[in-house]
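The values are calculated or read from the model by the stated rules, or taken from the named source; none is laboratory data. Nothing here was measured: the structure is a model prediction, and the numbers come from that model. Note that each Cβ is placed from the backbone with ideal geometry, even for glycine, and that neighbours are counted across all protein chains shown.
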Amino acid sequence: MGMSEARNLPKGATYLVTRRCSDGRMLLRPDSWVAKVMTFCIAWAANFYEIELHAICIVSNHYHMVLTDTASRMPEFMAWVNRISSLFIALNRNRVGETTWDASEKYSAVMLLTEEAVWKELAYVTTNAVGHGLVKTYKDWGGFVTTPSDVLKKNGIKTSHPGRFVKKHKAHPLKIVKPKCFSHMTDHQYVAEYRRLVSEREAALRLALPKDKKGRRKVVGMKEVMRQSPTRPRKRTEKRYQITPTFAAVTAKGIEKGKKMVRAFRKAYGAALQAYRKGKRNVQFPYGTYKMRVTYNVNCATRH
């Protein structure tokens, strides 16, 4: 496998983020302690690394978030969440010394460039358990999932301290906020539209469910979810080493804008890196450069 492309992480970008458990294991099966650990980790890291959270869903073998990286610190945020949560997961699942997260691939972070893309992924995350055929509506999911109306909770969602590995870290409320691209909407307008899109997606997903002998749509159900072994490896249905999308835009105009953005960043980054390797330490890297900035403190362009 070749070297991965440099990441473009501009301040204020919104992403769909995904992290999967190793070998498809159900390590995040919704036992009571899972939500406690994950919400504590996400809330603490979001507060520390200046991440705005818009939607979260934790299913048995992976989690999704829609978030905005206000300070270009998402890699640090994700590293902290995954590292600390894995300590608790390994302990509670009797897997100390073993891998929690899929080592064959990094977390996925897809930049959402248009309002349409943000709406699509908000509905996708909220209805994720429905999309996997586990329950008929997101409200039936026994694990942790945020709701459209959580943005109305100005004090956030209360989290509990899990103890042990993070005794010096204070529990912070999990604050769900409206994405800035929807600042033209009131909170109540945003919630109403969010609920409409969730209802539409759930209805479409239910129609795709398999039928039993009596013609009724079947879901796995929470009882069966909780009976599944959390540590048994499961065969992946998707291929490994797939190309993860860099961005999502939905509209043709947005997609073209995304392609130009990616090409321009990679061209400028490649030229700057080549010059830097030749000893030109004052060369300017493009806006959004992350690793070279935090590792070597290189000169980076400012936002246009």
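When the residues of region 252-304 are narrowed to those that are among the hydroxyl-bearing types (Ser, Thr, Tyr) and surrounded by fewer than 14 Cβ atoms within 10 Å (Cβ to Cβ), which ends up farthest from Leu122 (Cα to Cα)?
The initial filter retains those residues of region 252-304 that are among the hydroxyl-bearing types (Ser, Thr, Tyr), namely 269, 276, 287, 289-290, 295-296, 302.
Among the residues that remain, those that are also surrounded by fewer than 14 Cβ atoms within 10 Å (Cβ to Cβ) are: 295-296, 302.
On the way: Thr295: 33, Tyr296: 36, Thr302: 30 Å.
For region 252-304, the residue satisfying everything is Tyr296.
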Note to self: With at pLDDT 95 or above, part of a loop (DSSP other than H, G, I, E, B) and under 23 Å from Tyr15 (Cα atoms) as the only criterion, which of Tyr287, Tyr269 stands out?
What the structure shows: Tyr287
Notebook entry, point to check: What number of residues within region 90-130 are surrounded by fewer than 19 Cβ atoms within 10 Å (Cβ to Cβ), in contact (Cβ under 8 Å) with a residue 24 or more places away in the chain and small (Gly, Ala, Ser)?
Noted result: 3
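I'd like to know if region 70-86 contains one or more residues that are closer than 20 Å to Leu152 by Cα, touching a Lys or Arg at 6+ places or on another chain (Cβ under 7 Å) and in contact (Cβ under 8 Å) with a residue 24 or more places away in the chain.
First, pick out the residues of region 70-86 that are closer than 20 Å to Leu152 by Cα: none.
Checked against the condition, which is being closer than 20 Å to Leu152 by Cα, touching a Lys or Arg at 6+ places or on another chain (Cβ under 7 Å) and in contact (Cβ under 8 Å) with a residue 24 or more places away in the chain, region 70-86 yields no hits at all.
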Item checked: Residues of region 103-135 satisfying the condition of being farther than 24 Å from Lys253 by Cα, assigned to a loop (DSSP other than H, G, I, E, B) and not small (Gly, Ala, Ser) -> Glu105, Lys106, Tyr107, Thr127, His132, Leu134, Val135
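Test Ile56 against the stated conditions and say whether it is over 21 Å from Glu116 (Cα atoms), in the same structural domain as Tyr138 (by TED's automatic domain parsing) and either crowded, with 20+ Cβ neighbours inside 10 Å or without any contact (Cβ under 8 Å) to a residue 40 or more places away in the chain (or both).
no
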Check: If you check Lys139, Lys168, which single one turns out to be farther than 30 Å from Ala13 by Cβ and modelled with pLDDT of 95 or more?
Finding: Lys139
Next item on the list: Can you tell me which residue among Lys280, Lys214, Lys223 is over 22 Å from the mean Cα position of the chain (by Cα), under 30 Å from Gly142 (Cβ atoms), part of a loop (DSSP other than H, G, I, E, B) and basic (Lys, Arg)?
Entry: Lys214
Note to self: I'd like the full set of residues that are hydrophobic (A, V, I, L, M, F, W, C) and assigned to a helix (DSSP H, G or I), limited to region 196-211.
What the structure shows: Leu197, Val198, Ala203, Ala204, Leu205, Leu207
Next item on the list: Restricting attention to region 1-37, report how many residues are part of a helix (DSSP H, G or I), buried (at least 20 other Cβ atoms within 10 Å of the Cβ) and touching a Gly at 6+ places or on another chain (Cβ under 9 Å).
Entry: 1
Margin query: Being within 22 Å of His54 (Cα to Cα), modelled with pLDDT under 95 and aromatic (Phe, Trp, Tyr) is true for just one of Phe247, Phe182. Which residue is that?
Written below: Phe247
Checklist line | Matching residues, region 136-195, being at positive phi, loosely packed, with under 13 Cβ neighbours inside 10 Å and either of a type in the set (A, V, I, L, M) or in a loop (DSSP other than H, G, I, E, B) (or both) | finding: Gly163
Notebook entry, point to check: Does at least one position in region 40-53 carry a residue that is buried (at least 21 other Cβ atoms within 10 Å of the Cβ), over 19 Å from Val177 (Cβ atoms) and of a type in the set (A, V, I, L, M, F, W, C)?
Noted result: no
